[in-house]
Amino acid sequence: MMANFVWQEVTSKQMPAARSSHGLAVVGDTAYVFGGEYTARSPLPSTLHALDLSTPAACWKDVEVSSGEPPSPRFGHGQASMGDSIYIFGGRGGTAIDEQLMNDLHEFNTKTRKWKAVETSGDVPCARSFHRMVSMGDKLYVFGGCPAKGRLADLYCLDISHKVWTRLPDSGMEGRGGAGFAAAGDKLMVLGGFAGREMADVWQFCPTSKKWTVLDVSLEPACSVALCLGLGSSVLLFGGELEPSDRGHEGAGDFSSDTCLFDADMKVAKLEAGRARPPARGWSAGAVWGGRRAVVVGGLTGSDESPVRMMDIWVGEIES
């Protein structure tokens, strides 16, 4: 596949607080940001922020809620959209790795502007943070992350119509947080992540056969906490951490600014270079807009001595 991937920065006169480890979902032409941290391991308030991506120089707005209670403040949660709704699962509300871990599910209907806690049953995933969640059809999928101790590589499916969780077969891969996780075509993809070191392996899960396959490809270089999105049958990987910080979550590791676009066979289609691109970062948030465009908002950059959190907005798309 021959294609270019072109980024363009979106300007806004009014910005929410800069942040990392937040969530982003797009419904229609509107991007919604929730949670995250400005100061390391201190969650921002539970305000939902919205930006109309179709309007030039639009301003971010705090969403007025008509009823219901929003999720408690958190970071490192999973966030995905389905139809008119945004779903938020789990995350962390405290400073220690095992403090205030959550496995609650919340839904925000963007038409009615109502929050509600979603009661579920079945194989409910354990409390965790820095996992990944995507939607495919009428189902939500949650992968991996960090529980109170260790790291996970489990995969769960939630049937929204019945509100029942199902644990899917294990892959045998090493537990990890901050993996790339994307719905691409009819497959779920796991790219890299952090398992005590940056990982380079690539895995594929087929929801129909419920089988995992480890692919004979590797990320170059290995990375974690990168933006990973499915654009049709292609997979976009942007940025990410190449080396962890010596100060852990209090600092900033070595981050990439590379954009990598993989085709359906996970062969590199194009490394974007020579044009405007988002600055290097990790711990950002991204979502698919209209099936073909990728949106990235904020994240962490800088150095151990001076970590910097951002709130810039970039939109990228495949230019055939």
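Bear in mind these aren't lab numbers, they're just calculated from the coordinates by the rules spelled out. This is a predicted model, so every value here is computed, not measured. Virtual Cβ from ideal backbone geometry, glycine too; neighbours counted across all protein chains shown.
Across the options ALA31, THR47, ALA58, the greatest Cα extent toward the positive end of the charge dipole of the range 1-74 (unit charges at beta carbon of Lys, Arg, Asp, Glu) belongs to THR47. Any idea what the relative contact order of the chain is, in percent, if you count C-alpha pairs under 8 Å spaced at least 6 apart? 17 percent.
Rounded, prolate or oblate: which one fits the range 163-320, using the alpha carbon gyration tensor with axes a ≥ b ≥ c (rounded when a/c is under 1.5, else prolate when a/b beats b/c, else oblate)? Oblate, because a/c is 1.5 or more while a/b does not exceed b/c. Restricted to Cα atoms, the range 233-315 shows a radius of gyration and a Dmax of 13.7, 40 angstrom. Most simply put, the chain has about 95% antiparallel DSSP beta bridges, counting only bridges with both residues inside it.
Distance between the C-alpha centres of the range 183-233 and the range 97-132: 23 Å, rounded to the whole angstrom. Over the range 1-44, the Kirkwood radius and the radius of gyration, each from Cα atoms, give a ratio Rg/Rh of 1.10. As an equivalent ellipsoid, the range 108-243 spans semi-axes of 25, 17, 16 angstrom, where each value is the square root of five times an eigenvalue of the C-alpha gyration tensor, largest first.
Within the shell of other residues whose beta carbon sits under 11 angstrom from the beta carbon of LEU44, the net charge comes to +2, with Lys and Arg scored +1 and Asp and Glu -1.
Each 5 Å bin from zero holds the following percent of Cα-Cα pairs in the range 21-95: 3, 16, 25, 25, 18, 9, 3, 0. Work through the residues other than PRO244 whose Cβ is under 15 Å from its Cβ and net out their charges, Lys, Arg +1 and Asp, Glu -1. The answer is -2. Placing +1 on the Cβ of every Lys and Arg and -1 on the Cβ of every Asp and Glu, with no other charges, gives the range 22-319 a dipole of roughly 520 debye about its Cα centre. So what's the net charge close to ILE160: Lys and Arg +1, Asp and Glu -1, counting the other residues with Cβ under 14 Å from its Cβ? Result for the local shell: -2. Longer than 18 Å from Cα to Cα, which of LYS139/LYS210; LYS116/LYS187; LYS139/LYS163; LYS61/LYS111 are they? Say none if no pair is. Violating the 18 Å Cα-Cα cut-off are LYS116/LYS187. The packing ranking, built from the mean of other Cβ atoms within 10 Å per residue, places the peptides 27-35, 241-249, 290-298, 177-185 in the order 177-185, 27-35, 290-298, 241-249, highest first. Taken about its Cα centre, the range 99-192 carries a charge dipole of roughly 300 debye when the Cβ of each Lys and Arg holds +1 and the Cβ of each Asp and Glu holds -1.
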